[in-house]
Amino acid sequence: MTKIATFFTLLATALVCLLPAAPALAQRDRVFVASYGSDSNPCTFGSPCKTFQNAVNVVAQGGEVTAIDSAGFGTITISHAVTITSPNGVEAGIAAPASGNSAITINAGPNDTVSLNGLTLDGDNVANTVGIRFNSGGSLEVQNSVIRSFGAHGILYEPDASSQIFVSNTLVSGNVQYGIWINPLVSATVIGALDHVDMENNAYGGLLVETNTATVNVTVADSVSANGGTGIYADSYGSTAVSVMVRNCTIANNGFYGLVSNATTGATATVWVTRSTISGNAVGWNTVTAGVLTSFNDNNIIGNTAGNTAPPNTGYQ
Amino acid sequence: MTKIASLLTLLVTVLVCSLPAVPALAQRDRVFVASYGNDSNPCTFGSPCKTFQQAINVVAQGGEVTAIDSAGFGPISISHAVTITSPNGVEAGVAGPASGNAAITIAAGTNDTIDLSGLTLDGDNVSLTTGIQFTTGGSLHVQNCVVRNFTFGINFEPTASSALSVSNTLLSDNLFGVQIAPSGSGAIIGILDHVEIGHGTNGLTVSSGSSTVNVAVTDSVVASNQDGIYVDAPNAVVTPMNIMMVRNSTIANNTSDGLIAVGAGSSIYVTRSTITGNDIGWATVNSGTVTSFGDNNIIGNLNGGNGAPPSIEYE
């Protein structure tokens, strides 16, 4: 080459090397999965992905993953805020994880909201499986979903910091242990609301609210816990306070207890029950050690094999 | 053949014969039916089957059968745990079976859970037909379904301890909307939540026989039948008890009895409910009992049963 050519070659090379790197592909706020999708697609409506996991990986933080049609979209591990939606008309399912695993695992940041709508989670009775396992995050919202037949629990909520759980219009049935187990194991404040939640046929029980270190307040309204082990169980076994308000619920035909409030000495467990029906259970209600159960004197507690007596009560205001 | 050819032939033969047998086709956890399906398909979403029966035959135990679009998918016999789903927006129907048959027949294992969600069952008023016939199994869950025009809408006749739950479901124009009539001597539990049973001959009937039956009916409507809720339990049972708990429900315009408890083992409890427009609001026969919590509207029943039942208090 001539000297000039060599010089220009060097110059071109230098210029090219100084060009800024191509910008990273901006993450989408809205992505889609479909039965005909492929995980090599960009997860757009026109080119959807095949698995929820891939969609969650590519969606922007706080973005939305929507299922276009009915299929199984695979188990998911969620590490950031996201909404996952299966709209009415679509049955987006997550079938049984392997033993020891969960259909949905959430390890999100302390301010992250994870919202799950319209999903069908079925554990197929595989041993030691969980529907939704929440290990960390700001809040968990579950609406219009079905969570059934897991070998352990439907929802296992074990936050590692203060956080919130909301479950509404959801069926939790046929799980081998608990339908919903709220089980913070850290010093934190945990609040929860269950609204129109149907807990049926969960062999250990519908709802267990339990802690040794956290302060936990849960309200259960317009819900059913029936045909299972224990309807609703509040358990404080360290030195903190657990409160469960049971309002306008049907707690029926459970093979162990309807309601239980259990607190070790030095801890507090309070179950309030109002406008509810507690019938057909082996034992209607029970308190253990320091546990307290208070009625508003407006419940039907009858037809249980035992535990039909009136709890201590308090008045309306 | 040359020696080498013979040797190679033998070698190939030995190799082929030592190949593992082709593994049996693994059963799928999730299968699909569609109007355009074909029962010679593998019942995948891309190649769905045409009938619920074929889908149930191929799905793994405890698996899920989903309808992709609206059609009739044929009567079904279920012998193992399974979920059958028609999502919102899809009308998956099972049309009238022949006389003497059921749209869905369940004879499953002792621990099997059967889930039926979003289905439309129509008996077309063919005589002696049943929407859902349950004889054996662990539990039956019926949600968001419509069951109409059968002799029995749901006929729950377990031979052993079993559980029934029905929610957000309409049963109309059946001779018996829901019948719970166990044989044997098990413990039967049931919950009806947001269920409408209407325009039939008998709304909800419980005949406990030698079993114990505990049923809770909540936030439901039983209207325009002949008998609304009929409980027949001849033998007084101390533990466990036969309880029919009627909570926050409307029992109206039934042309015979709104609530009727027959036999010493029948105990109907009624709370926060409205019993009106029936021929007889409530009645007891042969030592059956109806007990109120003093918080019901029992009024406007045409020929009796407007008085206050014996009542107990809240706790």
I'd like to verify a number: residues in segment A:115-169 that are of a type in the set (Ser, Thr, Tyr) and within 25 Å of residue B:87 (Cβ to Cβ), how many?
6
When the residues of segment B:163-175 are narrowed to those that are in a loop (DSSP other than H, G, I, E, B) and not acidic (Asp, Glu), which ends up farthest from the chain's Cα centre (by Cα)?
B:175
Hey, among B:184, B:200, which residue is crowded, with 23+ Cβ neighbours inside 10 Å, away from every other protein chain (no Cβ under 14 Å) and modelled with pLDDT under 95?
B:200
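Residue by residue, here is whether (1) in contact with a helix residue (DSSP H, G or I) (Cβ under 6 Å, 6 or more places away or on another chain); (2) part of a helix (DSSP H, G or I); (3) modelled with pLDDT under 60 holds:
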site	(1), (2), (3)
B:7	no, yes, no
B:12	no, yes, yes
B:37	no, no, no
B:41	no, no, no
B:45	no, no, no
Let me spell it out: the conditions are (1) in a strand (DSSP E or B); (2) in contact with a Phe, Trp or Tyr (Cβ under 9 Å, 6 or more places away or on another chain), and residue A:297 meets all of them except one. Which number is the exception?
(1)
Can you name every residue in segment B:267-315 that is within 14 Å of another protein chain (Cβ to nearest Cβ) and not in a strand (DSSP E or B)?
B:272, B:273, B:293, B:294, B:295, B:296, B:309, B:310, B:312, B:313, B:314, B:315
Can residue A:74 be described as part of a strand (DSSP E or B), at positive phi and at pLDDT 85 or above?
no
Just one listed residue, out of A:301, A:278, A:251, is farther than 18 Å from residue A:207 by Cα and within 11 Å of chain B (Cβ to nearest Cβ), and it is A:301
Quick one: residue B:115 ticks every box in (1) away from every other protein chain (no Cβ under 14 Å); (2) under 13 Å from the mean Cα position of the chain (by Cα); (3) charged (D, E, K, R) except a single one, so which number is it?
(1)
Taking segment B:46-58 and keeping only residues that are within 14 Å of chain A (Cβ to nearest Cβ) and either surrounded by fewer than 19 Cβ atoms within 10 Å (Cβ to Cβ) or within 12 Å of residue B:85 (Cβ to Cβ) (or both), one is left with B:46, B:47, B:55
Strands (runs of 3 or more DSSP E) (entirely within segment A:185-244) containing at least 2 residues that are within 14 Å of chain B (Cβ to nearest Cβ), touching a strand residue (DSSP E or B) at 6+ places or on another chain (Cβ under 7 Å) and among the aliphatic types (A, V, I, L, M)
A:189-200, A:224-226
Looking for something more than 14 Å from chain B (Cβ to nearest Cβ) and more than 22 Å from the chain's Cα centre (by Cα) - is there at least one such residue anywhere in segment A:53-69?
yes
Among the candidates A:124, A:160, which residue alone is touching a residue at least 12 places away in the same chain (Cβ under 8 Å), within 14 Å of another protein chain (Cβ to nearest Cβ), over 19 Å from residue A:30 (Cα atoms) and of a type in the set (D, E, K, R)?
A:124
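Going through segment A:70-83 one residue at a time, which ones are within 14 Å of chain B (Cβ to nearest Cβ), among the hydroxyl-bearing types (Ser, Thr, Tyr) and surrounded by fewer than 24 Cβ atoms within 10 Å (Cβ to Cβ)?
Passing the criteria: only A:75.
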Look at segment A:146-168 and say how many of its residues are within 13 Å of the chain's Cα centre (by Cα), crowded, with 23+ Cβ neighbours inside 10 Å and assigned to a loop (DSSP other than H, G, I, E, B).
3
Segment B:72-94 residues that are within 14 Å of chain A (Cβ to nearest Cβ), paired with ones that are among the acidic types (Asp, Glu) and part of a loop (DSSP other than H, G, I, E, B) (beta carbon under 7 Å, 6 or more apart):
B:80/B:112; B:81/B:112; B:85/A:91; B:87/A:91; B:90/B:69
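From the list A:284, A:266, which one is out of contact with any helix residue (DSSP H, G or I) (no Cβ under 7 Å at 6 or more places or on another chain) and in a loop (DSSP other than H, G, I, E, B)?
That would be A:266, the only listed residue that is out of contact with any helix residue (DSSP H, G or I) (no Cβ under 7 Å at 6 or more places or on another chain) and in a loop (DSSP other than H, G, I, E, B).
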Has segment A:132-144 got any residue that is within 14 Å of chain B (Cβ to nearest Cβ) and crowded, with 23+ Cβ neighbours inside 10 Å?
no
Qualifying residues in segment A:88-107 (those that are outside any loop (DSSP other than H, G, I, E, B) and in contact with a Gly (Cβ under 6 Å, 6 or more places away or on another chain)) - the one modelled with the lowest pLDDT:
A:93
Counting only residues in segment B:119-162 that are small (Gly, Ala, Ser) and over 10 Å from the mean Cα position of the chain (by Cα), the one nearest to the other protein chains (Cβ to nearest Cβ) is identified as B:138
When you go through A:171, A:116 one by one, which is the residue that is buried (at least 24 other Cβ atoms within 10 Å of the Cβ), more than 14 Å from every other protein chain (Cβ to nearest Cβ) and within 24 Å of residue A:85 (Cβ to Cβ)?
A:116
Do we have any residue at all in segment B:117-131 that's β-branched (Val, Ile, Thr), in contact with a Lys or Arg (Cβ under 9 Å, 6 or more places away or on another chain) and either more than 21 Å from residue A:203 (Cβ to Cβ) or surrounded by 22 or more Cβ atoms within 10 Å (Cβ to Cβ) (or both)?
yes
From A:96, A:108, residue being over 10 Å from the mean Cα position of the chain (by Cα) and within 12 Å of chain B (Cβ to nearest Cβ):
A:96
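The values are calculated or read from the model by the stated rules, or taken from the named source; none is laboratory data. Note that the coordinates shown come from a computational prediction; the quantities given were computed from them, not determined experimentally. Backbone-built Cβ (ideal geometry, glycine too); neighbour counts: all protein chains shown.
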